[in-house]
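**Q** Before I ask anything, here is the structure I am working with.
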Amino acid sequence: MEAAALIVVLVIALALFFDFTNGFHDTANAMATPIATGALKPKVAVLLAAVLNLVGAFLSTEVAKTISGGIIREDQLSAAIFPSIIFAGLIGAITWNMLTWLLGLPSSSSHALFGGLIGATLVGASAAAIDFGVVLSKVILPAVIAPLTAGVIAYAVTKLAYALTRRYDTKPDGRDGFRWGQIFTSSLVALAHGTNDAQKTMGVITLALITVGWQSAAHHEPQLWVVFACAITIALGTYMGGWRIIRTLGKGLTDVKPAQGFSAETSTASTILASSFFGFALSTTQVASGSVIGSGLGRRGSKVRWRTVGRIAIGWLLTLPAAGAVGGAAALLVVWFGTWGVLVDAVIALAVIVGLFLRSRRNRVDASNAMSDVADSGHAIKIKRNPPPTRRQRRILREEERLKVEERARQKADAKAKAKALARRDAEERARADAPAKTAARNGEGDVK
């Protein structure tokens, strides 16, 4: 029993560390675009995100229930082995998180966690212990649909934002007001991130507590202390700031302008909040990346860096199998050596984490150099030398042409009326001038007679 309790304590500690990595890995989802456009200072942005992640973690537990009572069938596993499997799965997730953070790739912490747990369960137990229906419906399908949906929404909102403000196309700061809107939308994304991602760690810890009998299997809601611990940990991780990934999302995919960033964050927040409501364990990173790409496609004159998009997409495809492979290898040590295997896993995991961290210090990225400059809100639209008139300009031209036609018609009518009046006056003057002669002629006729 003492060994089981020790393993559970290690699971809780490792789960909280995963929560910490999730925080700094996913800070970019909310704050990369406002930092890139200068809407928020880097340190202020990560502090705001940390506070809102903390608040968001208390708003919902639907995703936690999905993990603690959906993906893994705990009734198919013995209480003796299951905590060790969870421990192995967390090692797979953390290793992938640290590696992608080092490479600056905005990969999915959620899928790293799911991949690690699935791989560890397959090796440490059997495929029967995994509910593949839940994996397909609440993990894989949302992973495919959500980025596309977010991208389409961001594309449409970006198009609308620039269409409504088209009169500012040639003005240097015409759309600067969107920076204020970004403060609200980025805050909403950070809040949504807390409602979704913090719960994944809550679900893992709850799952471990259920398997060893420290919590009833009839209740999959996380205990209050678990909610507090996960909320505080993800907030601390968020405040650390994943500056490498912030740089990738902020300027690696496309040059983000204020109106564009506002549109991307609006799309990200709405998609994540909807998924949290329905209990989908969505990848905030994939949604945010899809939104940034969609907003880049929606702004006229912008360029999406498809090579970077390709690197990120490869990372997405590798996340589940790579984290699953590491989790499976860690579970294999548990199967071979039992409790000693857990300790060996812990030592290896610590060495990998420290090694990746030390490697990152060679080319350090922090708040001072993550963004070399911020995007100018003006001249966001590529203007042609002889651009075609806009609808508003065409309407104005039509109205001016109509007024000109009416003015010409009025002038013509006035000219005709004036000509008639002159002709009438001339006729009257001639008539008056001829009147004496006619009178004299008539008088002469009378004398002759």
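**Q** If I filter the stretch 365-386 for residues that are open to solvent by 60 Å² or more (accessible area, probe 1.4 Å), more than 30 Å from Ser126 (Cα to Cα), at pLDDT 90 or above and not basic (Lys, Arg), do I get at least one hit?
**A** Scanning the stretch 365-386 turns up no residue that is open to solvent by 60 Å² or more (accessible area, probe 1.4 Å), more than 30 Å from Ser126 (Cα to Cα), at pLDDT 90 or above and not basic (Lys, Arg).
**Q** Within the bounds of the stretch 196-209, is there any residue that is open to solvent by 10 Å² or more (accessible area, probe 1.4 Å) and touching a Gly at 6+ places or on another chain (Cβ under 8 Å)?
**A** no
**Q** Suppose we filter the stretch 180-194 for residues that are under 25 Å from Glu221 (Cβ atoms) and open to solvent by less than 10 Å² (accessible area, probe 1.4 Å); how many remain?
**A** Qualifying residue count, the stretch 180-194: 4.
**Q** Here's another thing I want to ask about it. Among (1) within 25 Å of Met31 (Cβ to Cβ); (2) touching a Leu at 6+ places or on another chain (Cβ under 9 Å), there is one condition Val204 misses while meeting the rest; what is its number?
**A** Of everything listed in (1) within 25 Å of Met31 (Cβ to Cβ); (2) touching a Leu at 6+ places or on another chain (Cβ under 9 Å), Val204 misses just condition (1).
**Q** May I ask you to list the residues in the stretch 181-202 that are at pLDDT 80 or above and not hydroxyl-bearing (Ser, Thr, Tyr)?
**A** Gly181, Gln182, Ile183, Phe184, Leu188, Val189, Ala190, Leu191, Met202
Residue-wise test of (1) under 29 Å from Phe262 (Cβ atoms); (2) at pLDDT 80 or above; (3) in contact with a His (Cβ under 9 Å, 6 or more places away or on another chain).
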{"site": "Val9", "(1), (2), (3)": "no, yes, no"}
{"site": "Ala32", "(1), (2), (3)": "yes, yes, no"}
{"site": "Pro42", "(1), (2), (3)": "yes, yes, no"}
{"site": "Leu52", "(1), (2), (3)": "yes, yes, yes"}
{"site": "Glu62", "(1), (2), (3)": "yes, no, no"}
{"site": "Gly69", "(1), (2), (3)": "no, no, yes"}
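**Q** Considering only the stretch 249-269, how many residues are farther than 19 Å from Arg305 by Cβ, small (Gly, Ala, Ser) and at pLDDT 85 or above?
**A** Of the residues in that region, 1 qualify.
The values are calculated or read from the model by the stated rules, or taken from the named source; none is laboratory data. What you see is a predicted model; the values in this text were computed from it and never measured. Every residue, glycine among them, receives a Cβ derived from its backbone with ideal geometry; neighbour counts consider all protein chains shown. In case anyone asks, the SASA skips ligands and DNA or RNA and just uses the protein heavy atoms, side chains included. Shrake-Rupley method; radii C 1.70, N 1.55, O 1.52, S 1.80 Å.
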